[in-house]
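Here's the structure we're looking at; comments come further down.
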Amino acid sequence: MTRNVLCVDTAERVTDVVSTLEDDDQLAPISVTSVESAIETIVQEPIVCVVTAYDLSDGTGLDIIDALKSESPQTPSILFTDVSPGEIDTTGFDEVIVEYLNRDLPDADDRLGFVVNDVIEHSAQVGFLAPEDEDDRLETLAEYDVEELPVEESFDRLTDLIADHLDVAVSFIGLIEKDEENFLACTGADWDSLTREDTICTHSMLQEDVMVVEDIDADSRFSENQQLKNLGIVSYAGANMTAPNGQVIGQVCALDHEPREFSAHERDTLQQYAETAMEILELRQAVDSGGEVAQ
Amino acid sequence: MSLSDAGGFTVDLLPDEHVESGTSILLAGDDTEALKRVFASLVAAKESEYSVVLATNSGGRAVRRILDDVRAGAGQDAAILTCEGPARGDDVTVIDDLSDLTTLGMEFSNLVSQVNQTNDRFRSGIFLCSTLIDEVEDTRSVYRFLNTTFLTDLRRNEGLGVCAVDTSASLETDIDSMLTGLETSMTARIDVESDGDKIELTLTGFGPTEETVTARL
């Protein structure tokens, strides 16, 4: 599958960038020469990486990267420029993280294609921590053909039970994909998916035990997360759905719109619900494939 | 064949003394001075290596001094990025504002790229990542910074990286939970506990089992 790479530079220089990337059969460079046209293209085209110069006729490369982070926060970007970092004005762009590739380096052109493929393949600029064996985890997740498995009714009943049992406003079962969390069942809200870096689950899945956040405003990891606030999430408890090979593929969660504690008993209960959800998924998968259920 | 020929790095503190290239280490402890000494012993360049250090709480001269304490001359074999001036020499880059992660990330990447033009092997370090987390508004930006620069540089090059967290820092979060998250995305973890000159290191991820060693630094 070809990868659409947006190349932004002045009219005099953009051809060089495009011809460098055209040598790679996997890459399909799209050239534009202004901030305005770059932002339009980001909105309209399935771009998987942006390579931009710093100085442009109607702004800078940071304007484009800032817009990219708003539109598609997990799409990587590379500032390919001969302007040194010390000369780049970052006023207003304090937390717009970008890969900097110095165009003055002797091997800059050779490196560009490699760097573009590398940042795409490794989701190298995401705003969350992924486990070191993330590729193995995603392979495990891919083994479950969730779209085809009849788990919806069972999971709906389970989230109803969790919300009732733990007396929370929202309960859900979510699978954590490469870039987003997909909700298979949700009681108390109507959510389909969330960008992974906006979720608490992407933190919770890294913990061995049930993770509890009693008040997101009191936790610096989440207090600036506007998406959580928009959804009314104030308190959180999440338990791992762990596949038989030990990989965590999803979360079973209880949320509330107010700060609250979760007792040791409640955490244990949530963990048991998570294990039940995993067993349902396993059983359905086994029945569907006519195979045996892992113990 | 020497250890460096085998493509790894020598770390005197560890029982095995050998660490694979590309290894990232989370270094955690609540005694900042002990943490600094262990950090220096991990990051100080040996022969045919170079160090790239992001120092959040020290100037270039202080960083050179602690590296020289580990190995005479290691301080000169280091490119240092700091927000505490003045810039002394070509290899000290001073930025104005630690919370400007955009500049910090670009400068750090640029330093690693420059070092890789002349040295195949480098040791990189952040002292202290907890200060970065404290400085920025949104912790996700620090994770993005670690992914974009620190971990990416290690994946692409012959490098050893150390990310230090002072667990006594007031970060308004569940520090154990945050450390578990950081640990999961790195290769190994060293927890530092000090008692006078004696420093106890708990090592995780360097072998099949957790191990505790005592060091005098």
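What is region B:8-190's relative contact order, in percent, from Cα pairs under 8 angstrom and six or more apart in sequence?
32 percent
What are the aspartates and glutamates whose alpha-carbon lies under 15 Å from the alpha-carbon of A:Lys178, with same-chain residues fewer than 8 places away excluded?
The reachable aspartates and glutamates, counting only those whose Cα sits under 15 Å from A:Lys178, are A:Glu121, A:Glu132, A:Asp133, A:Glu134, A:Asp135, A:Asp136, A:Glu139, A:Glu143, A:Glu197, A:Asp198.
What per residue convex hull volume, in Å³, do the alpha-carbon atoms of chain A yield?
Value for chain A: 151 Å³ per residue.
Can you give the relative contact order of chain A as a percent, counting alpha carbon pairs under 8 Å and 6+ residues apart?
12 percent
Hey, quick one: spin label on A:Thr276, modelled 7 Å out along Cα-Cβ, who in region A:248-266 has an amide N within reach, i.e. under 14 Å?
Residues A:252-254, A:266 fall inside that zone.
How shielded is B:142-154 by partner chains, expressed as the average number of their Cβ atoms within 10 Å of its Cβ atoms?
Mean partner shielding for this stretch: 6.
Assign one of three labels to the protein assembly as shown, namely rounded, prolate or oblate, based on the Cα gyration tensor with a ≥ b ≥ c the square roots of its eigenvalues; rounded applies when a/c is under 1.5, prolate when it is not and a/b is larger than b/c, and oblate otherwise.
Oblate, because a/c is 1.5 or more while a/b does not exceed b/c.
Expressed as a rounded percentage, what relative contact order does region A:3-121 have, with Cα pairs under 8 Å and six or more residues apart?
Computed over region A:3-121, the figure is 24 percent.
Could you pull out the GluC sites (Glu not before Pro) across region B:168-217 that fall in loop regions by DSSP (anything but H, G, I, E, B) with no more than 15 other Cβ atoms inside 10 Å?
B:Glu172, B:Glu210
Only bridges with both residues in chain A count here: give the DSSP antiparallel percent, nearest 5.
Close to 60 percent.
Give the longest segment of chain A that steers clear of GluC sites (Glu not before Pro) in DSSP loops with at most 13 neighbouring Cβ atoms within 10 Å, not counting the sites themselves.
A:13-142
For B:Arg61 and B:Leu217 in the same chain, what is the full-extension length gain: residue separation times 0.36 nm, less their Cα-Cα distance, in nm?
Length gained between B:Arg61 and B:Leu217: 54.1 nm.
Counting only other chains, what is the mean number of Cβ atoms within 10 angstrom of the Cβ of each residue in peptide A:220-233?
The mean count of partner-chain Cβ atoms within 10 Å per residue comes to 3.
Determine the shape class of region A:5-83: with a ≥ b ≥ c the square roots of the Cα gyration tensor eigenvalues, call it rounded for a/c under 1.5, and otherwise prolate if a/b is greater than b/c, oblate otherwise.
oblate
What GluC sites (Glu not before Pro) in region B:55-156 are in a loop by DSSP, with at most 14 other Cβ atoms within 10 Å of the Cβ?
Passing both the DSSP loop test and the Cβ count: B:Glu137.
How much of the DSSP bridge set in the protein assembly as shown is antiparallel, in percent, rounded to the nearest 5?
In the protein assembly as shown, DSSP labels about 45 percent of beta bridges as antiparallel.
Springs between alpha-carbon pairs under 10 angstrom, Gaussian network model over chain B: which of B:Gly125, B:Gly207, B:Gly73 fluctuates most?
Residue with maximal mean-square fluctuation among B:Gly125, B:Gly207, B:Gly73: B:Gly207.
Nearest 0.05, what FRET efficiency do A:Asp23 and A:Asp55 give at R0 = 30 Å with Cβ-Cβ as r?
According to the calculation, E is roughly 0.75.
Accessible area, 1.4 Å probe, largest first: how do B:Asp69, A:Asp118 sort?
My answer, sorted largest first, is B:Asp69, A:Asp118.
Take the alpha carbon gyration tensor of chain B, find the square roots of its eigenvalues, order them as a ≥ b ≥ c, and report rounded if a/c is under 1.5; if not, report prolate when a/b exceeds b/c, else oblate.
rounded
With every protein chain in place, what's the accessible area of A:Asp24 (1.4 Å probe, Å², nearest 10)?
Taking all protein chains as shown, A:Asp24 has close to 40 Å².
With every protein chain present, what accessible area does B:Ile133 have (1.4 Å probe, heavy atoms only), rounded to the nearest 10 Å²?
The accessible area comes out at roughly 10 Å².
Output the DSSP H helices from chain B with an along-axis C-alpha extent of no less than 20 Å and a mean Kyte-Doolittle hydropathy no less than -1.0.
Result, helices passing both filters: B:101-118.
Just to be sure I understand: if you take the accessible area of chain B alone plus chain A alone and subtract the pair, with a 1.4 Å probe, what total do you get in Å², rounded to 100?
3900 Å²
Can you give the calculated 222 nm mean residue ellipticity of chain A, where each DSSP H run of n ≥ 4 adds -39,500 (n - 2.57) and the sum is split over every residue, rounded to the nearest 500 deg cm²/dmol?
Value at 222 nm, helices only, nearest 500: -10500 deg cm²/dmol.
Using a 1.4 Å probe on the protein chains only, how many percent of the accessible area of region A:3-121 belongs to carbon and sulfur?
42 percent
Could you tell me what percent of the accessible area of region B:8-190 is made up of carbon and sulfur, with a 1.4 Å probe and every protein chain present?
That fraction is 38 percent.
For region A:211-243 and region B:184-217, what is the centre-to-centre distance using only Cα atoms, to the nearest Å?
31 Å
Per DSSP H run of at least 4 residues, take -39500 (n - 2.57); add these up for chain B, divide by its residues and hand me the 222 nm value, nearest 500 deg cm²/dmol.
Using -39500 (n - 2.57) per qualifying helix, the result is -9500 deg cm²/dmol.
How much area per residue is accessible in chain A when the probe is 1.4 Å and only protein heavy atoms are counted (Å²)?
In whole numbers, chain A has 45 Å² accessible per residue.
State the Cα centre-to-centre distance between region A:132-146 and region A:34-87 in whole Å.
That distance is 31 Å.
Shielding of A:80-86 by partners, i.e. mean partner chain Cβ atoms within 10 Å per residue?
Other-chain Cβ atoms within 10 Å of each residue's Cβ, averaged: 4.
Taking a probe of 1.4 angstrom, what is the accessible area of A:His122 in Å², to the nearest 10?
Only protein atoms counted, so the area is about 90 Å².
Using 7 Å Cα-to-Cβ label points, what is the B:Asp16/A:Thr91 separation (nm, one decimal)?
5.1 nm
Using a 1.4 angstrom probe on the protein heavy atoms only, could you order A:His257, B:His18, A:His265, A:His203 from most to least accessible area?
These residues rank, largest area first, as A:His265, A:His257, B:His18, A:His203.
Considering only A:Leu194, A:Leu79, A:Leu105, give the residue with the highest GNM mean-square fluctuation for chain A, with springs between Cα atoms whenever their separation is below 10 Å.
Of the options given, A:Leu105 has the highest mean-square fluctuation.
If A:Leu184, B:Leu26 are ordered by their accessible area, calculated over protein heavy atoms with a 1.4 Å probe, which sequence runs from highest to lowest?
A:Leu184, B:Leu26
Taking the Cα centre of the protein assembly as shown as origin, work out the dipole magnitude from +1 charges on Lys and Arg Cβ and -1 charges on Asp and Glu Cβ, in debye rounded to 20.
The dipole of the protein assembly as shown has a size of about 1440 debye.
The values are calculated or read from the model by the stated rules, or taken from the named source; none is laboratory data. The structure presented is a predicted model; accordingly, all values stated were derived computationally and were not measured. Glycine gets a Cβ as well: all are built from the backbone with ideal geometry, and neighbour counts include every protein chain shown. With ligands, DNA and RNA removed, areas are computed over all heavy atoms of the protein, side chains included. Shrake-Rupley method; radii C 1.70, N 1.55, O 1.52, S 1.80 Å.
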